[in-house]
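The next block holds one structure in the form of structure tokens; read it before the comments.
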Amino acid sequence: MRPIYENRTTMRNEQDFARSLEKLLLCNLVKCPRNFHIDFAAVRNAKVVSFIEFRKRSNLMDYYPTFMTAANKKICAQAINRSSSLPVYMFVQWTDHLGYVDLVNCKADWSVGGRKDRNDPADFEPVIQIPLSEFKTL
């Protein structure tokens, strides 16, 4: 069985992000179950208006020319969008900026990559590289 890397710190980061974004977007962010593969449903007036995935990075936004994430995130976002017609956004908190991208429609190059520092073979997988120019900053 694959280890779960979510911990108190990552959960606190998600909660802090959710509270801040709720104020900005005037909605409630409801945490989705792990098997949904997207972090939050954004709810306004008792209706889901979008879905949101969150990532926190410990580097400046322009440290890398792209933002890399598992390709499965885009695949799941597209499936959710096909089923619901609702947008799916990826929000990224870098050390200097908060940015977001339309995960369904963004340009992305596909490759294979990932982490090697945890000795977990499942960390090396198909990934997408989203150009930073695709992101809007808040």
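Some points to look at:
- Where GLN93 falls short, out of the listed (1) farther than 22 Å from LEU138 by Cα; (2) open to solvent by less than 90 Å² (accessible area, probe 1.4 Å): (1)
- The strands (runs of 3 or more DSSP E) falling completely within region 27-81 that include 3 or more residues that are open to solvent by 70 Å² or more (accessible area, probe 1.4 Å) map to 28-31.
Results for (1) within 16 Å of the chain's Cα centre (by Cα); (2) over 23 Å from GLN129 (Cβ atoms); (3) at pLDDT below 90, shown as yes or no for each residue.
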residue	(1), (2), (3)
ARG12	yes, yes, yes
LYS31	yes, yes, no
ASP39	yes, no, no
ARG57	yes, no, no
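Here's the yes/no breakdown for (1) in contact with a strand residue (DSSP E or B) (Cβ under 9 Å, 6 or more places away or on another chain); (2) touching a residue at least 60 places away in the same chain (Cβ under 8 Å); (3) on the phi < 0 side of the Ramachandran plot; (4) not β-branched (Val, Ile, Thr):
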position: THR10; (1), (2), (3), (4): yes, no, yes, no
position: LYS23; (1), (2), (3), (4): no, no, yes, yes
position: ASP62; (1), (2), (3), (4): no, yes, yes, yes
position: ALA71; (1), (2), (3), (4): yes, no, yes, yes
position: ASN81; (1), (2), (3), (4): yes, no, yes, yes
position: GLN93; (1), (2), (3), (4): yes, yes, yes, yes
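The values are calculated or read from the model by the stated rules, or taken from the named source; none is laboratory data. Quick caveat, the model's predicted, so the values are computed rather than measured. Neighbour counts are summed over all protein chains in view; Cβ atoms, including those assigned to glycine, are modelled from backbone coordinates with ideal geometry. Heavy atoms of the whole protein, side chains included, go into the accessibility calculation; ligands, DNA and RNA do not. Shrake-Rupley method; radii C 1.70, N 1.55, O 1.52, S 1.80 Å.
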